[in-house]
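Bear in mind that the values in this text are calculations on the coordinates, not laboratory data. Predicted, not measured: the structure shown is a model, and the values here were computed from it. Because the Cβ atoms are built from the backbone with ideal geometry, glycine has one as well, and the counts that use them run over all protein chains shown.
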């Protein structure tokens with residue numbers, strides 16, 4: 001069974017590893033609802049109780065899937081979902097965090113998830129047109145009403161985090177963070193420590209790249225996000241970035257572990273309030289990922305992984321232009 005962790009100082013306790021559910025319905029090939037539901041049920045059996053979704057995944061269908069899968073199991077789990085994207089004009093078309101819109105999204109999400117409360121509600125992307133104080137105040141009211149238990153932000157900048165936290169304490173920041181994506185190290189990680197905010201890294205396996213199983217962008221089907229949306233898998237970037245993937249695999253071999261397990265163990269050993277949410281829709285990958293909770297890396301392993309970006313610079317941005325414009329603001 002997985003160990004448990006507290007996300008920040010606000011009291012939210014979850015499994016040490018969560019399950020990112022986006023790929024079950026969105027961005028990564030064709031859905032397989034039966035296997036996805038079986039994967040969710042297997043996660044609960046293994047002690048993984050923290051499930052991550054959002055209204056925009058599908059859109060809407062991922063929350064509906066999770067609601068069906070968790071029927072009769074709601075008291076065993078913690079659900080995180082998100083508001084804040086403009087839906088219907090394509091992903092990254094814009095942000096909308098007007099207070100009334102937040103309320104509308106929460107009510108709709110509760111229905112799709114077949115629940116009476118959301119354990120952790122994130123603002124998915126910061127909306128420059130809506131003061132973050134208004135956003136935090138609205139979530140504070142929803143917490144008082146019992147519809148939401150804890151407040152989170154995603155891909156927010158330091159000033160936004162600080163201002164939001166002053167209105168309604170933030171329990172967790174969800175942002176991309178991994179061996180090859182260290183954009184949070186200089187400013188955000190120290191701020192989270194200061195304010196007592198947990199970190200939930202998404203794409204902790206580099207969208208599969210750090211497992212050593214990723215393909216070139218052109219080898220993915222058109223409906224897969226990685227075909228066009230991940231510059232690090234394209235052309236010369238792919239070849240250059242294989243040096244990091246090879247390092248992770250090299251460290252994994254003496255442990256009898258997989259590269260993915262090493263990537264997750266590295267995160268788990270950094271701080272005790274980091275909870276990665278690797279995504280999968282297959283039971284086999286889920287079981288492999290969860291075994292990272294029992295993998296203990298040697299100090300020299302950690303040192304080499306910490307220095308990976310010094311030894312091998314990452315080639316390519318982590319997103320395309322439109323998506324990059326919506327992060328760290």
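Which FRET efficiency value, to the nearest 0.05, do you get for residue 284 and residue 71 by plugging their Cβ-Cβ distance into 1/(1 + (r/R0)^6) with R0 = 25 Å?
0.55
Would you mind ranking 175, 284 by Cβ crowding within 10 Å, fewest neighbours first?
The most exposed by this proxy come first: 284, 175.
Could you work out the relative contact order of the range 4-324, using alpha carbon pairs under 8 angstrom and six or more residues apart, expressed as a whole percent?
Rounded, it is 20 percent for the range 4-324.
Helix 99-113 sits at what angle to the longest principal axis of the chain, using alpha carbons and giving 0 to 90 degrees rounded to 10?
The two axes meet at around 70 degrees.
Which residue, 299, 221, 204, tops the fluctuation ranking in a GNM of the chain built on C-alpha contacts under 10 Å?
It is 299.
For labels at residue 185 and residue 223 in the simple 7 Å Cα→Cβ model, what's the distance in nm?
Here the answer is 3.9 nm between the modelled labels.
Can you grab the distance from the C-alpha centre of the range 1-64 to the C-alpha centre of the range 95-146, Å, no decimals?
19 Å
How do the peptides 312-318, 222-228 rank, highest first, by the average count of neighbouring beta carbon atoms within 10 Å per residue?
312-318, 222-228
Run the helix sum for the chain: -39,500 (n - 2.57) per DSSP H stretch of 4+ residues, divided by residue count, reported at 222 nm to the nearest 500 deg cm²/dmol. Before the final figure, lay out the partial values.
Details: 12 runs with 120 residues, N = 329.
Mean residue ellipticity at 222 nm (helix-derived): -10500 deg cm²/dmol.
Neighbouring Cβ atoms within 10 Å as the yardstick, rank 60, 151 fewest first.
Least crowded to most crowded, the residues run 60, 151.
Can you give the Rg/Rh ratio of the chain, where Rg is from the C-alpha atoms and Rh is the Kirkwood radius?
Values: Rg = 18.5 Å, Rh = 19.8 Å.
Rg divided by Rh gives 0.94.
Considering the range 174-318, what Rg and Dmax in Å follow from its alpha-carbon atoms?
So, for the range 174-318, Rg and Dmax equal 14.8, 43 Å respectively.
Which residue, 34, 214, 16, has the most motion in a Gaussian network model of the chain that connects Cα atoms within less than 10 Å?
Result: 34 has the largest fluctuation of those listed.
How long is the gain from residue 87 to residue 240 if the chain were fully straight, where each residue apart is worth 0.36 nm and the alpha carbon distance is subtracted?
Using 0.36 nm per residue and subtracting the Cα-Cα distance, I get 51.6 nm.
Please list the three semi-axes, largest first and in whole Å, of the ellipsoid equivalent to the range 264-328, using sqrt of 5 times the eigenvalues of its alpha carbon gyration tensor. Walk me through the intermediate numbers first.
Details: eigenvalues 119, 81, 28 Å².
The answer is 24, 20, 12 Å, longest axis first.
Figure the gain on full extension for residue 215 and residue 324 (residue separation times 0.36 nm, minus the Cα-Cα span) and round it to one decimal in nm.
Working: separation 109, 0.36 × 109 = 39.24 nm, distance 2.24 nm.
Stretched fully, the residue 215-residue 324 segment lengthens by 37.0 nm.
Please compute the Kirkwood hydrodynamic radius over the range 169-215, one decimal place, Å, based on all pairs of different Cα atoms.
11.5 Å
Which of 52, 306, 273 moves the most in a Gaussian network model of the chain with Cα springs under 10 Å?
Among 52, 306, 273, the largest mean-square fluctuation in the Gaussian network model of the chain belongs to 306.
Kindly provide log₁₀ I(q)/I(0) values, in the same order as q = 0.12, 0.13, 0.23, 0.26 Å⁻¹, from the Debye equation applied to equal alpha-carbon scatterers of the range 1-67.
-0.34, -0.39, -0.96, -1.08
In nm, what is the difference between 0.36 nm times the number of residues separating residue 159 and residue 294 and their Cα-Cα distance?
Values: separation 135, 0.36 × 135 = 48.60 nm, distance 3.60 nm.
This chain segment gains 45.0 nm when fully extended.
So, R0 is 35 Å and r is the distance between the beta-carbons of residue 33 and residue 144; what FRET efficiency does that work out to, to 0.05?
Using R0 = 35 Å, I get an efficiency of 0.50.
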